[in-house]
1. Give the range 121-151 a look and list any residue that's hydrophobic (A, V, I, L, M, F, W, C) and free of Cβ contacts under 8 Å to residues at least 40 places away in the same chain, or say none.
2. Can you tell me which of (1) farther than 22 Å from Ala112 by Cα; (2) assigned to a loop (DSSP other than H, G, I, E, B); (3) within 29 Å of the chain's Cα centre (by Cα); (4) not aromatic (Phe, Trp, Tyr) is the one Glu233 doesn't meet?
3. For Ala63, state whether it is surrounded by fewer than 11 Cβ atoms within 10 Å (Cβ to Cβ), among the small types (Gly, Ala, Ser) and at pLDDT below 90.
4. If Arg124 satisfies every condition in (1) over 26 Å from Ile84 (Cα atoms); (2) touching a strand residue (DSSP E or B) at 6+ places or on another chain (Cβ under 9 Å); (3) not aliphatic (A, V, I, L, M) but one, which is the exception?
5. Filter the range 113-126 down to the residues that are within 16 Å of Pro157 (Cα to Cα) and of a type in the set (A, V, I, L, M), then identify the one that is surrounded by the fewest Cβ atoms within 10 Å (Cβ to Cβ).
6. Which of the following residues is exposed (fewer than 15 other Cβ atoms within 10 Å of the Cβ), modelled with pLDDT of 95 or more and aliphatic (A, V, I, L, M): Ala58, Ala80?
7. Looking at the range 157-192 only, could you name the residues that are among the β-branched types (Val, Ile, Thr) and buried (at least 20 other Cβ atoms within 10 Å of the Cβ)?
8. Go through the range 40-146 and tell me which strands (runs of 3 or more DSSP E), entirely inside it, have 2 or more residues that are of a type in the set (Lys, Arg) and more than 30 Å from Gly184 (Cα to Cα).
Amino acid sequence: MRAERRRALMIRAALAVAVVVGVFVGWSALAHSTLFTIETITVEGARELSVEEVIAVADIKSADTLLGLDESAVVDRLEAVAWIADADVVRKFPSTILLRVEERERFLMIDAGDTFWALDRYGRVLGESMPDTATPVPLVRDVPTFTPEVGAIVKAPEVSNAIEVLAGITPELRKLVRSMSSPGPEETALMTTDNVEIVIGRAEQLREKSLLALEIMADQGSAVVFIDVRSLERPVSRGLGD
């Protein structure tokens, strides 16, 4: 009886192994079957990057199939691009791959003299990019120590201060800002769409500075061209004739 029982267990084990091997072989054959050849690649969410750029970065080979595609490798390649915050790969049977990307948003642009660089809210360099009138963000000039490295967070204090100033001023003032000058944190200044220069200085007491600047512009109207609110107790303003 024991021998028969042992033989039955061995047969069951052999059958289980055969089933696993059969499933693996069958899946491998199915994964590489031409029935699931990738014929179409579509892209969603790309704005700064072109569809062609996203597809090129995904680097899906002609030999890849819908079931055999290494999805995590494609996601890793896409998320290695500074513009892309998140990526996803969706299989659409029988022959389509959808690449979904979520791009980081440009928060400001740095004028480096020979080219322009887009940065996100955290100071990450997203890449070279021309100012976009469709999605205007302030252009920051006079940044002496800016050394761009795509994907890296800029540590230059004048850049960090400019970002915090732009993030911290009131929405009412921010919508008036056309460009910024930031040779240093203490000299950070805003230029409005009406060509009023507002020296903000360090990213401190930004709500109070914003309200004071807006009050001065409301009181003096189109006559004012320069406002310095670095000192809330002693603000300075000048008009065209001053």
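1. In the first step, residues of the range 121-151 are kept if they are hydrophobic (A, V, I, L, M, F, W, C); the result is 125-126, 130, 134, 137, 139-140, 143, 146, 150.
Result: Met130, Ala134, Val137, Phe146.
2. (3)
3. When the stated conditions are applied, Ala63 passes them.
4. (1)
5. That would be Val125.
6. Ala80
7. Val159, Ile163, Val165, Ile169, Val177, Thr188 - these are the residues of the range 157-192 that are among the β-branched types (Val, Ile, Thr) and buried (at least 20 other Cβ atoms within 10 Å of the Cβ).
8. Details: elements: 40-44, 84-92, 96-103, 108-111, 116-119, 125-128, 139-141.
Hits in the range 40-146: 84-92.
The values are calculated or read from the model by the stated rules, or taken from the named source; none is laboratory data. Keep in mind the model is a prediction, meaning the values are calculated, not measured. Cβ sites come from the backbone with ideal geometry, for glycine too, and all protein chains shown count toward neighbours.
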